[in-house]
Amino acid sequence: MREGDEGGDGPNTRLLAFSDGVIAVAITLLILEIRLPEAFGEFTDQELWSALLALWPRFMAFFISFAVIGIYWMNHHRKFDLIIKSDSQLKWLNLLFLLAITLTPFVTAVIAQNSGFVGTAVYAGVMMQCGISLGLLWAYADRNDMIDPAYSRDEKRRTLFATLIVPAIFAISVPLSLAHPMAPSSSGC
């Protein structure tokens, strides 16, 4: 059995199963950051409605992070549909990607509570790390002939370029947050 071929349906099966599990936990933890205020069961309908509206920054951050993690998960799977073998270095690069994914619930809570420059920079930094590490993983696999040889050089370059679009968008968000700062949320929820 060659390295990276751990049995199952093909090479990288265990790597993908582990990655899927880590991503599933991270995406689930996002919602746990959204809590109703204490004693909400005693609220009138109007008070409950007001409390729910006060949570909108957290829900907005949740939906954005859910979508971003979902995009990264799909991109990760597309790459591993084409990566036909792995080695220890590729697995370390995959762990670097997963490290950034696991930081997402924390930085989502940060930006939900403070969407100013620092909150945006911290959030964008982690989102950029997700994409950059996935790009590094792809470039490493390409350099080391781990990608299906039927995939052309141009397709490999386009895939790398497409991988780096999301981190580029997040990089742009940091200076934009200086130009158009949003008022930090003071909901304290």
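The values are calculated or read from the model by the stated rules, or taken from the named source; none is laboratory data. It should be emphasised that the depicted structure is a prediction, and the values quoted were computed from it without experimental measurement. With ideal geometry, Cβ positions are generated from the backbone for all residues, glycine too; neighbour counts draw on all protein chains shown. When the accessible area is computed, the model is the full protein with side chains, heavy atoms only, and any ligands, DNA or RNA have been set aside. Shrake-Rupley method; radii C 1.70, N 1.55, O 1.52, S 1.80 Å.
The residue that is modelled with the highest pLDDT, among those in segment 1-40 that are open to solvent by 70 Å² or more (accessible area, probe 1.4 Å) and over 24 Å from the mean Cα position of the chain (by Cα), is Glu38.
Quick check: is even one residue across segment 34-54 under 30 Å from Glu155 (Cβ atoms) and assigned to a helix (DSSP H, G or I)? No; the residues of segment 34-54 include none that is under 30 Å from Glu155 (Cβ atoms) and assigned to a helix (DSSP H, G or I).
Need pairs with beta-carbon distance below 8 Å; first residue at negative phi and open to solvent by 30 Å² or more (accessible area, probe 1.4 Å) and within segment 72-83, second outside any helix (DSSP H, G or I) and of a type outside the set (S, T, N, Q); sequence gap 6+ or separate chains. Sorted first by the residue in segment 72-83, then by its partner, the pairs are Leu82/Ile147; Leu82/Asp148; Leu82/Tyr151. Against the list (1) open to solvent by less than 70 Å² (accessible area, probe 1.4 Å); (2) without any contact (Cβ under 8 Å) to a residue 12 or more places away in the chain; (3) within 27 Å of Asn144 (Cα to Cα), the condition Phe43 fails is (3).
Under the condition of being loosely packed, with under 15 Cβ neighbours inside 10 Å and closer than 20 Å to Trp73 by Cα, the residues counted in segment 149-175 number 8.
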